[in-house]
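To start, the structure itself, in structure tokens.
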Amino acid sequence: MTKETQPTQIIDIGFGFWQSKVLLTAIELEVFTMLGDKALTGEVLGRELGIHPRGIWDFFDTLVALGFLNRAGNGTTALYSNTEETRIYLDKNKDTYIGGILEMANDRLYRFWNDLGEALKTGKPQNEIKHSQKPMFEVLYEDMPRLQQFMGAMRGFSMGNFNAFVQKFDFSNYRTLCDVGGATGLLSTLVAKHHAHLQCITFDLPVVEPIAKMWIEKEQLTDRVQVVSGDFLKDALPKADIITMGMILHDWNLEKKKHLIRLAYEALPENGAFIAIENLIDDERRTNAFGLMMSLHMLIEFGDAFDFTGADFWSWCQEAGFKRYEVLHLQGPCSAAIAYK
Ligand SMILES: C[S@@+](CC[C@H](N)C(=O)[O-])C[C@H]1O[C@@H](n2cnc3c(N)ncnc32)[C@H](O)[C@@H]1O
């Protein structure tokens, strides 16, 4: 970074919440869903969404300037439409919608991050469990709409990473896979769809089971993906050639991380693969800013939970008895850390 560009970057990042809140509010007001495949004038779009005339032009033109909307023409007759990306990823009526994670970011995470300073000083979570002694998932799942929002958020967040995983990992030597903390069953259904020789199990808490079953039925994969319910803090894992954990280890402190790794080891056969899909921090902790911020987010959500480097993962896996290790980069900040038994 040169001296000339430094102040711009400082101000840009300092005011990052402007951009964030514009996008999150556009999702909250369903701008991209309302537009779908259409092109509308600002006046019509604003009226349909119930936006006051004072806000219409500044709001939609900011979305144009940020690259989230196209605009044909200038002035009041100009037509606004989705960009190629927002049409695919932010229209709720499409199966490719990933806005669930942004809905949750707007509804829950945005306000919790306001207390980052307090989290840093106390080491304590700043979310719904801030004033409760109960564990995070128990509180989060007490409320059905919040559970459903979290499930939608996980789908949105993990869609691209799991798609990259099913394309990049070599599944040819394996017959069975168990995805631990599988939520809606997304990873299992993607693997089953792309790799016809594999049978999958999606394992999660009993409260999640009906949601997973609903998605698996929707994908017409009930013969290939089985739902098994249990509690990985108390129960053994189903046996499989591959055990995957997508953003599971980062939810827990070191003791529970090691417990989960031991469970995976016990559930695998010789040469079986244990795969953690995470925003794996680079070993020197210098470059993967998203992975590092995800770890700050784990402080805000859980307190003692944290993200980790590939080297951390491998040292814990070696302790459990795994023989070999590699990292498969998936996309952006996300990688698959793979340990072989
Ligand atoms: C951060 S989400 C990750 C979801 C999914 N693997 C992904 O990457 O999109 C963590 C998942 O772990 C599940 N989970 C939490 N505690 C659990 C437990 N004790 N036993 C089984 N699953 C649990 C949650 O229900 C949730 O689906």
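The values are calculated or read from the model by the stated rules, or taken from the named source; none is laboratory data. None of the values given here were measured: they were computed from a predicted structure. For neighbour counting, all protein chains shown are included, and Cβ atoms are generated from backbone atoms with ideal geometry for every residue, glycine included.
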Across segment 89-128, which residue is surrounded by the fewest Cβ atoms within 10 Å (Cβ to Cβ) among those that are without any contact (Cβ under 8 Å) to a residue 24 or more places away in the chain and under 17 Å from ASP304 (Cβ atoms)? LYS121
State whether one or more residues within segment 225-235 are in contact with a Leu (Cβ under 8 Å, 6 or more places away or on another chain) and crowded, with 19+ Cβ neighbours inside 10 Å. yes
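Of the residues GLU142, GLU103, GLU118, only one is within 16 Å of the ligand (Cβ to nearest atom) and part of a helix (DSSP H, G or I); which? Explain how you work it out, then say what you get.
On the way: GLU142 fails: part of a helix (DSSP H, G or I); GLU118 fails: within 16 Å of the ligand (Cβ to nearest atom).
Going through GLU142, GLU103, GLU118 in turn, just one is within 16 Å of the ligand (Cβ to nearest atom) and part of a helix (DSSP H, G or I): GLU103.
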Considering only residues that are of a type in the set (A, V, I, L, M) and in contact with a helix residue (DSSP H, G or I) (Cβ under 6 Å, 6 or more places away or on another chain), look in segment 147-176 and name the one that is modelled with the highest pLDDT. VAL166
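With the structure loaded, tell me whether GLU326 is assigned to a loop (DSSP other than H, G, I, E, B) and in the same structural domain as ILE201 (by TED's automatic domain parsing) or whether it fails that test. Give the derivation first.
Numbers: assigned to a loop (DSSP other than H, G, I, E, B): no; in the same structural domain as ILE201 (by TED's automatic domain parsing): yes.
No, not satisfied.
Let me confirm something: among ASP204, ASP231, ASP179, which residue is over 24 Å from GLY156 (Cβ atoms) and acidic (Asp, Glu)? It would help to see each step written out before you state the result.
On the way: ASP204 fails: over 24 Å from GLY156 (Cβ atoms); ASP179 fails: over 24 Å from GLY156 (Cβ atoms).
Of the residues listed, the single one that is over 24 Å from GLY156 (Cβ atoms) and acidic (Asp, Glu) is ASP231.
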So which of ALA336, ALA305 ends up being among the aliphatic types (A, V, I, L, M) and touching a strand residue (DSSP E or B) at 6+ places or on another chain (Cβ under 6 Å)? ALA336
Quick check on segment 164-179. Is at least one of its residues buried (at least 19 other Cβ atoms within 10 Å of the Cβ), within 13 Å of the chain's Cα centre (by Cα) and in the same structural domain as ASN279 (by TED's automatic domain parsing)? no
How do the pairs read when you match residues in segment 131-145 that are surrounded by 11 or more Cβ atoms within 10 Å (Cβ to Cβ) with residues anywhere that are part of a loop (DSSP other than H, G, I, E, B), using Cβ under 8 Å and keeping only pairs 6 or more apart or on different chains? MET136/PRO125; MET136/ASN127; PHE137/LEU205; VAL139/SER132; TYR141/LEU205
Go through the residues of segment 108-128 one by one and say whether even a single one is closer than 30 Å to ILE216 by Cα, of a type in the set (S, T, N, Q) and outside the structural domain of VAL31 (by TED's automatic domain parsing). no
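Could you count how many residues in segment 107-154 are of a type in the set (Lys, Arg) and farther than 22 Å from SER20 by Cα? Quick ask: steps written out before the conclusion?
So in segment 107-154, the residues of a type in the set (Lys, Arg) come out as 108, 111, 121, 124, 130, 134, 146.
Remaining after also requiring farther than 22 Å from SER20 by Cα: 121, 124, 130, 134.
Adding up the residues that qualify gives 4.
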For residues that are more than 18 Å from ASP204 (Cα to Cα) and in a helix (DSSP H, G or I), tally how many sit in segment 266-291. 3
What are the residues in segment 290-311 that are in contact (Cβ under 8 Å) with a residue 24 or more places away in the chain, closer than 24 Å to LEU109 by Cα and aliphatic (A, V, I, L, M), if any? MET294, LEU296, MET298, LEU299, ILE300, ALA305
